[in-house]
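Each remark here refers to the structure printed beneath this line.
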Amino acid sequence: MAKKPTEDLLAPLTVVVGQEELLLDRAVAQATTAARQADPDTDVRDLQPGALQPGMLSELTSPSLFSERKVIVVRAAQDLAADTVKEVKAYLDDPAPEVMLVLVHAGGAKGKALLDAAKKAGAREVTCPKLTKPAEKLAFVRAEFRATGRSASEDACKALLDAVGSDLRELASACSQLAADTEGTIDETVVARYYTGRAESSGFQVADLAVTGRTAEALGQLRWALAVGEKPTGIVFALASGVRSIGRVATADRGMRPGDLARELGMPPWKIDRVRQQLRGWSGDGVAAALRAIADADAAVKGGSGDPAYALEQCVVAVSRAARSQR
Amino acid sequence: MSVWDDLVGQEQVVEQLVAAARSARVVLGESGRSGDSRNSGAEEQSGSSGMTHAWLFTGPPGSGMATAARAFAASLQCTSPDLELGGIPGCGFCEGCHTALIGSHADVESVRTDVLSIGVKETRELVRSASMSPAGGRWQVIILEDSDRLTEGAANVLLKAIEEPAPRTVWLLCAPSVEDALPTIRSRCRLLVLRTPPVAAVADVLVRRDGIEPEMAAFAARAAQGHIGRARRLALDAGARERRAEVLKLPLRVADLGACLAGAQSLVDAAAADAKQVAEEVDTRETEELRAALGAAAGVGGRMPRGTAGAMKELEDRQKRRATRTQRDSLDRALIDLSSFYRDVLAVQFGAAGELSNEEMRQAVERVAGESRPEATLRRIEAVLACRTALERNVAPLLAVEAMAVALRAG
């Protein structure tokens, strides 16, 4: 999200690179709005993926009788046919006046030549990478509230993320909804009045809670995970890999250097550090008992028993009990 | 040499099958009561009632169910002139015997699978061909070597065909135990039970048939616990012996949790490596052959003609299923080796007479026996068997083996 306010939004050539749909749309909208502000008669041609056929570009960019300003948006530019790419490149060498070309490109290796050519031609570049880290999403929610001129507490932003999930479009609409419906500072209780529950919960979250011995929370998370459609087999896998790494890190040679240890165990160093924090309370017999419980649960969720959810609950309880076996 | 020679230690079964083959000749009208009263024992059950159209061969894996079925098929196709003089069917020399044994006889079809199950589609095809008359005018024999791998649906497809086959069609099904066949299939077949061949007999056949040194043959026969194919593999393949030795180190290391987990990992990795080796040997060639058959451009990665992606995908799926099967089989063998170790431990603990399967590891066996009690050994054997069951139920291999390893540690 490299939005620099000083940038010239009316640059004759803009490339929007990334895969986050909402941000792509926003970047395109920003450019078209700026063009319309400069000249209300601007003709905007938004070409959906596959709409740009050979020959069309020269037709679109040729000067019209009324010499109005034109914005041409090409979506999914990475998928353009080879002939069309040639035309676009030719156009880049010889751009038409009064025409703004906006190329929306997914980035990556596909259609990279076109992207490079556009950058070389001095395009204004807007990048919209996918937001993957929780911190980035949190920042996005905060920025959304700020954009509507409202202040929101940190907890409120977190609660909203938990409840709505990580789809940016839904998050953005939730933010604007909250901003429109409420007054004053947006805090946790306000969010809880409108949004409750948990949109996303993965087996790994269940496993992280279970291996630190937080039985109640782990069971709650398990219920959410099942409710949002996580597969029982996936949850068992997460539990197994959680306990397995506990066992392997605990029994590894303590004197080893972190890099060697990581190679030996086949885990990234940050994960080893995290597992070390979870080690407290575990004993050798605990790991053994937990592994056996998980293996039983795996057989149960693969058709061995009538109620996979019950088997999983038993398994989570057994694992978190094992996590406190030393005390 | 006769076709029955490779059936190790199964005299009773051979007797029954010979009698059946004689009756089969009666059915064909090739001979009346053959010869004189010399072989009256077999002759008594003869007449035409010794023969039937569906047989179920059962016995422990490696006891030679498929070998018995093939030998029986050969004896049904035997055209030796000696038969007129009262010779035993299945001479092993005539064209019928020979082609049936090497698998090129037109009327003997052998069905086996290298994936996890035999499906309805393949079985329908089989039923269709079963309704034809034998090309050679004698018997059409269909041998289902893996009838325990028939899915339930596939077994049901077979029912009708097995109950009332075409007049000259014989079904020979092989399964480890009677329970592996549907009750409805079982009730339509005549049952033949093979026993676990004695170690001495297995060693003997290895020396006689494969020309293996007697000492090595004795070791392999002991280690394989009556599984003839496995014994042969152990005797001939140094890699297999090495892997087995590797597996048998596990019981000595399970005291330490880290070693348990690492041991489980290496066991599963070895199985995966086995599967990969098979895949490398067969898959690439298979893929290239199919590509050529479908008319791909020459060279690796050449362009494929339109509409052939489906066939390629089908082959890929099959290869994937085969890899799963190979990995599972290889793990299963390792588990059997493990259980043989604990069996020896138990034998030492109880002071039982008789040879150990792992005679060459006697020291290790005695050490483990000294360190634990028979109850613990029994629990450990249980754990190994539970792991086999778990694998059968599709539990993730690594998880199942880990659970077993920690159970061995607990004793």
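The values are calculated or read from the model by the stated rules, or taken from the named source; none is laboratory data. Please read these numbers as outputs of a predicted model, since none were measured by experiment. Cβ atoms come from the backbone with ideal geometry, glycine included; neighbour counts cover every protein chain shown.
Overview of results
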| item | result |
| --- | --- |
| Region A:180-227, subset surrounded by fewer than 18 Cβ atoms within 10 Å (Cβ to Cβ) and acidic (Asp, Glu), residue modelled with the highest pLDDT | A:Glu217 |
| Qualifying positions in region B:346-361 - surrounded by 19 or more Cβ atoms within 10 Å (Cβ to Cβ) and part of a loop (DSSP other than H, G, I, E, B) | B:Leu356, B:Ser357, B:Asn358 |
| Residue among B:Ile142, B:Ile162 that alone is more than 14 Å from B:Gly62 (Cα to Cα), of a type outside the set (Phe, Trp, Tyr), under 18 Å from the mean Cα position of the chain (by Cα) and assigned by TED's automatic domain parsing to the domain that holds B:Arg25 | B:Ile142 |
| Condition check for A:Ala262: in a helix (DSSP H, G or I), surrounded by 14 or more Cβ atoms within 10 Å (Cβ to Cβ), facing chain B (nearest Cβ under 10 Å) and at pLDDT below 90 | no |
| Test: residue in region B:212-225 that is more than 14 Å from chain A (Cβ to nearest Cβ), over 24 Å from B:Leu335 (Cα atoms) and either surrounded by 15 or more Cβ atoms within 10 Å (Cβ to Cβ) or in contact (Cβ under 8 Å) with a residue 12 or more places away in the chain (or both) | yes |
| Checklist (1) touching a residue at least 40 places away in the same chain (Cβ under 8 Å); (2) surrounded by fewer than 18 Cβ atoms within 10 Å (Cβ to Cβ); (3) more than 23 Å from B:Ala262 (Cα to Cα) applied to B:Arg367, failing item | (3) |
| Enumeration of residues in region B:392-411 that are within 24 Å of the chain's Cα centre (by Cα) and at pLDDT below 90 | B:Glu392, B:Arg393, B:Asn394 |
| Considering residues of region B:281-310 that are in a helix (DSSP H, G or I) and of a type in the set (Lys, Arg) only, the residue farthest from B:Asp114 (Cα to Cα) | B:Arg291 |
| Check on A:Ala322, crowded, with 22+ Cβ neighbours inside 10 Å and without any contact (Cβ under 8 Å) to a residue 24 or more places away in the chain | no |
| Of all residues in region A:291-315 being more than 9 Å from every other protein chain (Cβ to nearest Cβ) and surrounded by 24 or more Cβ atoms within 10 Å (Cβ to Cβ), the one that is nearest to the chain's Cα centre (by Cα) | A:Leu312 |
| Qualifying position, being within 17 Å of B:Leu399 (Cα to Cα) and outside the structural domain of A:Val164 (by TED's automatic domain parsing), among A:Gly306, A:Gly213, A:Gly234, A:Gly255 | A:Gly234 |
| Residue within region A:72-89 that is touching a Ser or Thr at 6+ places or on another chain (Cβ under 7 Å), at pLDDT 85 or above and of a type in the set (Lys, Arg) present | no |
| Some residue of region A:237-257 being more than 10 Å from every other protein chain (Cβ to nearest Cβ), of a type in the set (Lys, Arg), farther than 26 Å from A:Asp285 by Cα and under 23 Å from the mean Cα position of the chain (by Cα) | no |
| Which numbered condition B:Ala352 fails, given (1) more than 10 Å from every other protein chain (Cβ to nearest Cβ); (2) more than 21 Å from B:Arg244 (Cβ to Cβ); (3) modelled with pLDDT of 90 or more | (3) |
| Criterion violated by B:Arg333 - all others in (1) free of Cβ contacts under 8 Å to residues at least 60 places away in the same chain; (2) among the basic types (Lys, Arg); (3) more than 14 Å from chain A (Cβ to nearest Cβ) satisfied | (1) |
| Candidates A:Asp46, A:Asp39, filtered to the one that is modelled with pLDDT of 80 or more, more than 29 Å from the chain's Cα centre (by Cα) and acidic (Asp, Glu) | A:Asp39 |
| Residue list for region B:382-411, filter: charged (D, E, K, R), farther than 20 Å from A:Thr233 by Cβ and either buried (at least 20 other Cβ atoms within 10 Å of the Cβ) or facing chain A (nearest Cβ under 9 Å) (or both) | B:Arg409 |
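Listed here are the residues, each with its yes/no results for (1) among the acidic types (Asp, Glu); (2) assigned to a helix (DSSP H, G or I); (3) crowded, with 20+ Cβ neighbours inside 10 Å; (4) outside the structural domain of B:Thr284 (by TED's automatic domain parsing).
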position	(1), (2), (3), (4)
B:Met312	no, yes, no, no
B:Glu316	yes, yes, no, no
B:Arg322	no, yes, yes, no
B:Gln363	no, yes, no, no
B:Thr377	no, yes, yes, no
B:Arg380	no, yes, yes, no
